[in-house]
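See below for the structure under consideration.
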Amino acid sequence: MRAQELIESLDSCHFSSHLEDFEVAGVSCNSNEVCDNFIFVAIEGTHIDGHRFIEEAINKGAKAVIVQNSKTPKLQNSDKTCLIVVKDTRKCLANLAAKFYGNPSSKIKVVGITGTNGKTTITYLIEALLKEAGFLPAVIGTVNYRFKDKIIPSKNTTPGPVELQSLLADMLKGNISHAILEVSSHALSQERTEGIDFHSAIFTNLTQDHLDYHKTLEDYFQAKAKLFKGLHQGSFAVINNDDKCCRRLKELIQGPEIITYAIDNEADITVKDIKFDISHTEFILRAIKKEIGFKVRFLGRHNIYNILASFAWAFKEGLDEAVIKSALERFSFIPGRLERINCRRDFSVFVDYAHTEDALTNAIGALRQISGSKIIVVFGCGGERDKTKRPKMGYSASELADYVIITSDNPRSEDPQKIIEDIRKGIRKNNYCIISDRKDAIEKSLSMAGAGDIVLIAGKGHENYQILKDKTIHFNDREAVKECLESMN
């Protein structure tokens with residue numbers, strides 16, 4: 001695409017000099033990626049200000065540089081490039097990326113899923129529903145980015161706008177019908193999804209998380225709400241009617257249709273006669289004057305919400321009810337989401353990604369519903385993340401489980417012992433111990449388990465790494481369980 005054609009789409013910008021027209025080779029906010037004939041967009045990030053790297057980008061071949069109006073720099077090599085000043089470089093980058101890649105979201109049905117918990121599970125479920133119905137879906141989310149036979153490791157739940165638009169463009173070339181996208185609050189706050197034409201959006205729930213970034217629950221809610229404010233006429237929204245934010249969210253949606261789901265309150269899609277078991281859950285789903293019996297291989301009340309959300313979306317999308325039922329009942333498991341490990345013992349072991357108070361409560365509660373035996377929980381909290389949730393998670397784990405082993409998660413640059421102490425402050429019972437080495441903690445939990453007991457290892461789920469102060473090492477809870485069981489033999 002030619003530079004003038006690309007730049008003319010920008011709102012409220014002014015130029016330091018005449019923009020020489022050239023064939024744009026790429027758009028980036030990372031100076032390390034810049035090559036000849038690139039447009040460099042300077043972003044003021046949380047930790048690093050991209051305006052510091054403008055000269056570097058110019059020296060690497062950037063023909064145009066876009067800056068924030070409050071950050072207009074004095075360039076040493078101003079004759080080499082055109083400086084373009086805009087009000088918001090984050091929005092600018094997202095819109096430039098969309099146009100550079102041909103606005104792929106206007107040609108694919110993009111499904112956005114946001115909320116504190118449940119996003120990953122719902123992406124897997126909708127992917128399975130669409131495949132069962134004969135469509136060709138793709139997923140961009142926490143576990144990975146995948147379409148057709150491609151699986152790309154996930155760096156962020158929602159990638160940056162350039163990578164996101166590039167992925168959608170590749171998916172379009174692959175004739176993908178739907179792109180199912182986990183939309184994080186960080187992504188919405190940082191305008192990563194600006195320029196995406198969402199076909200539909202799903203809201204799961206809002207509980208405490210990421211307050212290290214958003215500061216307040218209200219800011220967190222407003223970030224999530226941006227996805228729904230941006231829906232256009234002809235799209236639709238799926239809303240959890242049991243969540244305390246549902247009324248406010250529905251009031252913000254102007255034009256698009258809304259379909260609701262709930263367990264406790266009135267909604268378009270509801271459920272009754274729930275029966276939990278160690279290997280499955282049975283219930284009757286009510287969908288607009290119809291009742292459909294289900295027997296699914298999911299555990300816990302929180303997963304019923306995920307199934308209802310997925311059903312509601314598929315129902316509104318027009319998928320056949322028999323196809324929906326078949327896909328949901330045949331689906332087996334999601335990596336690291338109450339994933340049962342085959343340990344060949346007289347006790348059970350589950351691995352779960354729960355890293356918030358609500359998610360941990362849901363996971364332990366789900367296991368409590370299917371067993372009256374002892375529940376042993378191993379968990380920690382990540383460093384450089386919301387510290388206020390640590391004692392709350394300690395309290396919930398101690399109150400709901402029979403025994404808790406507090407350990408390390410991804411401490412990052414924080415002292416692991418300080419994180420553990422923050423967790424310990426919330427505990428009111430004498431039913432815990434501290435083992436900072438995560439593998440040792442897992443081994444201890446397995447050695448404590450007796451016949452009929454359940455061990456829950458929470459916090460990392462599908463992850464195969466552990467982030468320490470000065471390095472990242474390979475670590476997988478599922479592998480650690482199997483290694484510990486082998487050594488115990």
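The values are calculated or read from the model by the stated rules, or taken from the named source; none is laboratory data. Note that the coordinates shown come from a computational prediction; the quantities given were computed from them, not determined experimentally. Because the Cβ atoms are built from the backbone with ideal geometry, glycine has one as well, and the counts that use them run over all protein chains shown.
Listed here are the residues, each with its yes/no results for (1) surrounded by fewer than 16 Cβ atoms within 10 Å (Cβ to Cβ); (2) outside the structural domain of residue 234 (by TED's automatic domain parsing); (3) among the aliphatic types (A, V, I, L, M); (4) without any contact (Cβ under 8 Å) to a residue 24 or more places away in the chain.
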position	(1), (2), (3), (4)
52	yes, yes, no, yes
62	no, yes, yes, no
81	no, yes, no, yes
84	no, yes, yes, no
91	no, yes, no, no
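With exposed (fewer than 15 other Cβ atoms within 10 Å of the Cβ) and either in contact with an Asp or Glu (Cβ under 8 Å, 6 or more places away or on another chain) or in the same structural domain as residue 268 (by TED's automatic domain parsing) (or both) as the only criterion, which of 325, 289 stands out?
Only one candidate qualifies: 289.
Could you please find all residues in segment 449-481 being surrounded by fewer than 16 Cβ atoms within 10 Å (Cβ to Cβ) and in a helix (DSSP H, G or I)?
If the condition is that a residue be surrounded by fewer than 16 Cβ atoms within 10 Å (Cβ to Cβ) and in a helix (DSSP H, G or I), then 479 is the only one that fits.
Specify which of the listed residues (274, 288, 284) is aliphatic (A, V, I, L, M), more than 27 Å from the chain's Cα centre (by Cα) and farther than 24 Å from residue 258 by Cβ.
Only one candidate passes the filter, namely 274.
In segment 148-171, what residues are closer than 22 Å to residue 335 by Cα, surrounded by 17 or more Cβ atoms within 10 Å (Cβ to Cβ) and modelled with pLDDT of 95 or more?
Correct list: 158, 159.
Residues checked against (1) assigned to a strand (DSSP E or B); (2) at pLDDT below 95:
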residue	(1), (2)
254	no, yes
260	yes, no
265	no, no
270	yes, no
279	no, yes
285	yes, no
291	yes, no
299	no, yes
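For segment 138-249, list the helices (runs of 4 or more DSSP H) that sit wholly inside it and hold at least 3 residues that are farther than 22 Å from residue 314 by Cα and either touching a Phe, Trp or Tyr at 6+ places or on another chain (Cβ under 6 Å) or among the polar types (S, T, N, Q) (or both); which are they?
Helices (runs of 4 or more DSSP H) meeting the threshold: 161-173.
Assuming residue 237 fulfils every condition listed in (1) in contact with a Pro (Cβ under 7 Å, 6 or more places away or on another chain); (2) small (Gly, Ala, Ser); (3) at pLDDT below 95 apart from one, which condition is it?
For residue 237, the failing item is (3).
Mind telling me which of the residues 135, 147 ends up being out of contact with any Gly (no Cβ under 8 Å at 6 or more places or on another chain) and in contact (Cβ under 8 Å) with a residue 12 or more places away in the chain?
None of the others qualify; the one that does is 135.
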